[in-house]
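Before any comments, here is the structure.
The values are calculated or read from the model by the stated rules, or taken from the named source; none is laboratory data. What you are looking at is a predicted structure, and each value in this text was computed from that prediction instead of being measured. Ideal geometry is used to build each Cβ from the backbone, glycine not excepted, and the neighbour counts take in all protein chains shown.
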Amino acid sequence: MAQIPSQPVSDTTPRPSTLGPRHSQDETLFISDLHLSPERPATVQLFLSFLDGRARRAQRLYILGDLFDAWIGDDDDTPPYPDVRAALRRLTTSGTECLLMRGNRDFLLGKRFCRETGCTLLGDPTLVHLDDRRTLLMHGDLLCTDDVAYQKFRRRVRNPLVTGLFLLKSLAKRRAIAEDYRRKSGAATAEKPAQIMDVNAATVDRYLRRFDAGLLIHGHTHRPADHDSTLDGRPVRRTVLAEWHETRGEALVHSRGEWHREPVLPG
């Protein structure tokens, strides 16, 4: 039976709004899996436009992991990363709160990035309260416990000693290591059965029980859907966020007690 890792957990209840009248006082957006990189300029532009437009009308924006396709340290100044930092700073300066969770691709996001952007870094998992409903936010990779090799790799590369030694290397060396990892990761993923890269149902239930949550929102699997079920005699839902592409993104919107998915399109 898979064990739920022992790790820091955030429990954040949204603070009273102090935003201006152009913001929706109770609107929250959720996105994940943008995989921004120099090789995906159209997706980067889609996200920048989203930050400078639609996102500013919300009270808060949650980014639940894999904002970047790879993140080798907060000192990386490779284009378009400075533009992304600047757009996030404009968003938070406008009054929209931005809460950022690390993913399996960008788990090295740190305090410097948050200082420069005004974002708040979240633990994985994080418990929030929406409409008095306990809602668990995760990136989603912790739920994929059937992929035993990945879970072992995850524990190894997130060891503080390993990450500390990696960050001591030069930017050039870190870029080379990250590129080599992306090649090997792509090849390994292609050889894995599709089912082991999805969530394990028993693991999902254990997380919901552990946090007494009725709703779980996550990304990672790139399989957007809403899964309704019953757990211990009570209704629960697992909502999976969509991956972003060059011509389309998606935000999950919570407003006035209602939920809907909203496309994010160029222009």
Expected single match for surrounded by 17 or more Cβ atoms within 10 Å (Cβ to Cβ) and part of a strand (DSSP E or B) among Leu100, Leu109, Leu88 is Leu100
Determine whether Gly73 is in contact with a helix residue (DSSP H, G or I) (Cβ under 6 Å, 6 or more places away or on another chain), modelled with pLDDT of 95 or more and either surrounded by 15 or more Cβ atoms within 10 Å (Cβ to Cβ) or in a loop (DSSP other than H, G, I, E, B) (or both). yes
Scan of segment 188-208 for residues that are surrounded by 14 or more Cβ atoms within 10 Å (Cβ to Cβ), not in a helix (DSSP H, G or I) and not aliphatic (A, V, I, L, M), ordered by number: Asp198, Asn200
Cβ pairs under 8 Å, 6+ apart, first in segment 100-113 and of a type in the set (Phe, Trp, Tyr), second in a loop (DSSP other than H, G, I, E, B): Phe107/Trp71; Phe107/Arg158; Phe113/Asp74; Phe113/Cys119
Starting from residues that are in contact (Cβ under 8 Å) with a residue 24 or more places away in the chain and in contact with a Gly (Cβ under 8 Å, 6 or more places away or on another chain), keep the ones in segment 114-137 and report whichever is surrounded by the most Cβ atoms within 10 Å (Cβ to Cβ). Asp124
Scan segment 249-267 and report the pairs whose first residue is in contact (Cβ under 8 Å) with a residue 40 or more places away in the chain and more than 17 Å from His218 (Cα to Cα) and whose second residue is in a loop (DSSP other than H, G, I, E, B) and of a type in the set (S, T, N, Q), with Cβ atoms within less than 7 Å and a gap of 6+ or a chain change. Ser255/Ser24; Pro266/Thr247
Hey, any hits in segment 195-210 for a residue that's modelled with pLDDT under 95 and farther than 27 Å from Leu108 by Cβ? yes
Selection from segment 209-234 of residues in a strand (DSSP E or B), farther than 26 Å from Arg40 by Cβ, touching a residue at least 12 places away in the same chain (Cβ under 8 Å) and touching a strand residue (DSSP E or B) at 6+ places or on another chain (Cβ under 7 Å) yields Leu215, Leu216, Asp226, His227
Which one of these does Arg156 not meet: (1) touching a helix residue (DSSP H, G or I) at 6+ places or on another chain (Cβ under 8 Å); (2) part of a loop (DSSP other than H, G, I, E, B); (3) basic (Lys, Arg)? (2)
Please list, ordered by first then second residue, the pairs with beta carbon atoms under 8 Å, 6 or more apart or interchain, first in segment 158-186 and modelled with pLDDT under 95, second surrounded by fewer than 10 Cβ atoms within 10 Å (Cβ to Cβ). none
